[in-house]
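The values are calculated or read from the model by the stated rules, or taken from the named source; none is laboratory data. Remember, predicted model here, so these are calculated numbers, not experimental data. Just the protein is used for accessible areas: all its heavy atoms, side chains included, with ligands, DNA and RNA removed. Shrake-Rupley method; radii C 1.70, N 1.55, O 1.52, S 1.80 Å.
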Amino acid sequence: MREGPNSPVQVRHPLEVLEDIEEEASRSTEQLLYAAPAPWAELLTQYVDTLNELVAHKDEFTSPAETHTLDEGHAGGCG
C-alpha cells in the first residue's frame with residue numbers, strides 16, 4: 001500500500017525547509033553579485049585601505065561609539 005502525500009512520513013522538518021530557503025537566498029544573492037558590473041576587487045581594496053587608515057589613526061579618534069543601556073528602551077524593541 002502506498003502512502004499519500006500528506007502522510008507523516010512525507011513531511012519534512014520545518015528547520016530543513018528554512019535551511020533550504022536560506023541556501024536558495026544565498027545562491028541568488030551570490031549570482032546577483034557575480035552578475036553586477038561593480039569592480040568588487042577594487043571596492044574591497046579601498047575598503048581595507050580605509051579600515052587600515054582608521055586603525056593607523058586611532059589616537060586621533062576622540063568620539064566614542066554611541067552605546068545604549070537596557071533601561072533606555074533600545075533592547076528588545078523601541079518603547
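Data for the structure
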item	result
Count - residues of the range 32-47 that are open to solvent by less than 90 Å² (accessible area, probe 1.4 Å) and either modelled with pLDDT under 90 or more than 19 Å from the chain's Cα centre (by Cα) (or both)	7
Subset tally (residues that are part of a helix (DSSP H, G or I), open to solvent by 80 Å² or more (accessible area, probe 1.4 Å) and modelled with pLDDT of 90 or more) for the range 1-31	12
